[in-house]
Amino acid sequence: TGQAMGRLPLLEGMPVIIGENYDANGGIVNGSEGILKSVQYTIDAQGHQHASSCIVIVPNSTDQCLPGLQPHEVAVMEETTEL
């Protein structure tokens, strides 16, 4: 098929599930369902593309959002750090 096994294409508009508790008070928790709005990629030294962040629309989240995002839009990063 020419497709790499074990890789999932990320397509805008596809349903996704949040896999971590990002903001329990904001309703962005493990199992939250959303729609993929956009994906940002990086390219490694071998020329392979890797998703580094994405924007997910989570309808059941609160209206509070980060600057530059619309209500219910959530930024999901490749890796997270506890602050």
- Message: For a quick check of your reading of the model, give me the residue pairs whose first member lies in the stretch 39-68 and is in contact (Cβ under 8 Å) with a residue 40 or more places away in the chain, whose second is small (G, A, S), with beta-carbon atoms closer than 6 Å and at least 6 apart or on different chains.
- Response: V56/G34; V58/S32; V58/G34
- Query: Does G19 fit the bill of being at pLDDT 90 or above, small (G, A, S), exposed (fewer than 13 other Cβ atoms within 10 Å of the Cβ) and assigned to a loop (DSSP other than H, G, I, E, B)?
  - Reply: no
- Of the conditions (1) in a loop (DSSP other than H, G, I, E, B); (2) surrounded by 10 or more Cβ atoms within 10 Å (Cβ to Cβ), G31 fails just one. Which one is it? (2)
- Could you list all residues from the stretch 44-73 that are modelled with pLDDT under 90, in a strand (DSSP E or B) and more than 15 Å from L10 (Cα to Cα)? none
- Note on the structure: Of the residues in the stretch 55-75, those that are surrounded by 14 or more Cβ atoms within 10 Å (Cβ to Cβ) and in contact with an Asp or Glu (Cβ under 9 Å, 6 or more places away or on another chain) come to I55, V56, I57, V58, S61, C65, H72, V74
- In the stretch 4-16, how many residues are surrounded by fewer than 10 Cβ atoms within 10 Å (Cβ to Cβ) and touching a residue at least 12 places away in the same chain (Cβ under 8 Å)? 3
- Taking the residues in the stretch 32-43 that are of a type in the set (A, V, I, L, M) and within 16 Å of G13 (Cβ to Cβ) as candidates, determine which candidate is modelled with the lowest pLDDT. V39
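The values are calculated or read from the model by the stated rules, or taken from the named source; none is laboratory data. None of the values given here were measured: they were computed from a predicted structure. FYI the Cβ positions are ideal-geometry reconstructions off the backbone, even for glycines, and counts take in every protein chain you see.
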